[in-house]
Amino acid sequence: MKLTFRWYGDNDPVTLEKIRQIPKMSGIVSAIYDVAPGEVWSNESILALKSKAEQNGLEFEVVESVPVPEEIKYGGERAGELIENYCENIRRLGRAGVKCVCYNFMPVFDWLRSELEHQNADGSNSLAYNELTVLSMNPLTSELSLPGWDESYTKGELAQLIEKYKKIGKEGLWANLTTFLEKVIPVAHEAGVNMAIHPDDPPWDIFGLPRIITDADSIRRFLSIVPLEENGITLCTGSLGASVDNDLVKMAGEFAKRVHFLHLRNILITGEREFHEVGHPTECGSIDMFGIVKALLENGFDGYVRPDHGRMIWGEVGRYGYGLYDRALGATYIAGLFE
Ligand code: DNO
């Protein structure tokens, strides 16, 4: 296993100098952020990112994410051409030494929370989700926005986009994912890159949009579409763990060899479809972090790991979920678990 840390580039207040001081840190997880989804990343920018990491004694072997443009997901006219661009990115990343690429297939919205600064009893704050609050929001009328979201749509464009997904439904989304995988995975195989789809967060439909990577059955279906090892998953404990129906220890054991990337974080479930993010250790929340890591290791996991969202502690302000302190605590906890 290799311990890694997400880095958002030169504008990230958490600098590479700080990241490299976390014990056992092998490398960064990053991406080219100034290019629109669907475009080809320049070799220069990929190599510049790699050399920045290396100048700080860190590897650059994991990309999160190469975003999948909406048109691929809903199957628009330019889908074929955009998949070609996607393949070219995978080839370029493979040549630059990248070994693992994380992506997701969530329509329109990436991860969703209803609260960004949920106050915890210990004075820290963290991200929270409450289904009732979410159901009362309407993305077409409210000024709703989250750090994970693409802000470039007008309300009109958003409405059209949401309509397109409603029309194709879950099976349409599966069909478009199949087309994508059948083109991309053979290229990844050639390029020596493991593809790791990120599960939907939270793992259920939102705003009437279909979400399909949500549980053991859907992951089984996903893995069988292209049975090559390069077609794998990101096991994100906080995402899949939000559903009480998911037995993560069992899933970790079953899928261990196809888990290329592990996002470890803990959440405390406080009601039906209601949770907030907590410190990483098992005792802090509802997820059996120890059991998951044990099941993975006993079943042949050998991938990249990163601490996922942290709380904001010690007065830190910064990118929600992605401050330094609590993620660094998480990293040392994870290093301990694996040891
Ligand atoms: C949130 C992240 C996600 C993830 C993407 C992967 O913090 O886990 O935004 O990077 O879904 O494509």
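The values are calculated or read from the model by the stated rules, or taken from the named source; none is laboratory data. Keep in mind the model is a prediction, meaning the values are calculated, not measured. Heads up, the Cβs are rebuilt from the backbone with ideal geometry, glycines too, and the neighbour counts pull from every protein chain shown. The accessibility values were calculated without ligands, DNA or RNA, using every heavy atom of the protein model including side chains. Shrake-Rupley method; radii C 1.70, N 1.55, O 1.52, S 1.80 Å.
Modelled this way, with points 7 Å down the Cα-to-C-beta line, the labels at residue 297 and residue 33 are 3.4 nm from one another. For segment 280-339, the per residue solvent-accessible surface stands at 43 Å², with DNA, RNA and ligands left out and a 1.4 Å probe. Of the solvent-accessible surface of segment 34-158, computed with a 1.4 Å probe over protein heavy atoms with every protein chain present, carbon and sulfur atoms account for 49 percent. Charge tally for residue 43 (other residues, Cβ to Cβ under 11 Å; Lys, Arg +1; Asp, Glu -1): +2. Backbone N atoms of segment 8-22 closer than 17 Å to the 7 Å Cα→Cβ label point of residue 317 belong to residues 12-14.
Where in segment 101-118 does the label zone of residue 152 land, with the point 7 angstrom along Cα→C-beta and an amide N cut-off under 16 Å? Within reach of a label on residue 152: 108-110. The residues of segment 1-129 have, on average, 41 Å² of accessible surface per residue, using a 1.4 Å probe with all protein chains present. Between 181, 135, 324, the residue with the greatest mean-square fluctuation in the GNM of the chain (Cα pairs under 10 Å linked by springs) is 135. For segment 134-223, the per residue solvent-accessible surface stands at 45 Å², with DNA, RNA and ligands left out and a 1.4 Å probe. Amide H contacts under 5 Å for residue 194: 100, 101, restricted to partners 5 or more places along the chain or on a different chain, H placed in the peptide plane at 1.01 Å from N.
Structure remark: mean-square fluctuation, Gaussian network model of the chain, C-alpha springs under 10 Å; the largest value among 217, 302, 288 belongs to 217. Across segment 161-228, the convex hull enclosing all Cα atoms gives 92 Å³ per residue.
Largest first and in whole Å, the equivalent-ellipsoid semi-axes of segment 1-91 read 29, 12, 11, each the square root of five times a Cα gyration tensor eigenvalue. Summed over qualifying helices (DSSP H, 4 residues or more, each -39500 (n - 2.57)) and divided by its residue number, the chain shows a 222 nm mean residue ellipticity of -11500 deg cm²/dmol. Quick one: with all protein chains in place, what share of the accessible area of segment 283-339 is carbon or sulfur, to the nearest percent (1.4 Å probe)? Whole-percent figure for carbon plus sulfur exposure: 51. Estimated from the Cβ-Cβ distance and a Förster radius of 35 angstrom, the FRET efficiency linking residue 216 and residue 121 is about 0.55. Built from the Cα atoms of segment 134-290, the convex hull projects on average onto 10.5 nm², one quarter of its surface area. Bridges between two residues of the chain, per DSSP, are antiparallel at a rate of about 30%.
Cross-linked pairs 2/99; 99/250; 52/99; 183/257: Cα-Cα separations exceed 20 Å for 99/250; 183/257. A simple spin-label model places pseudo-atoms 7 Å from Cα toward Cβ; at residue 282 and residue 247 they are separated by 1.7 nm. Kirkwood analysis of the Cα pair distances in segment 98-189 returns a hydrodynamic radius of 16.1 Å.
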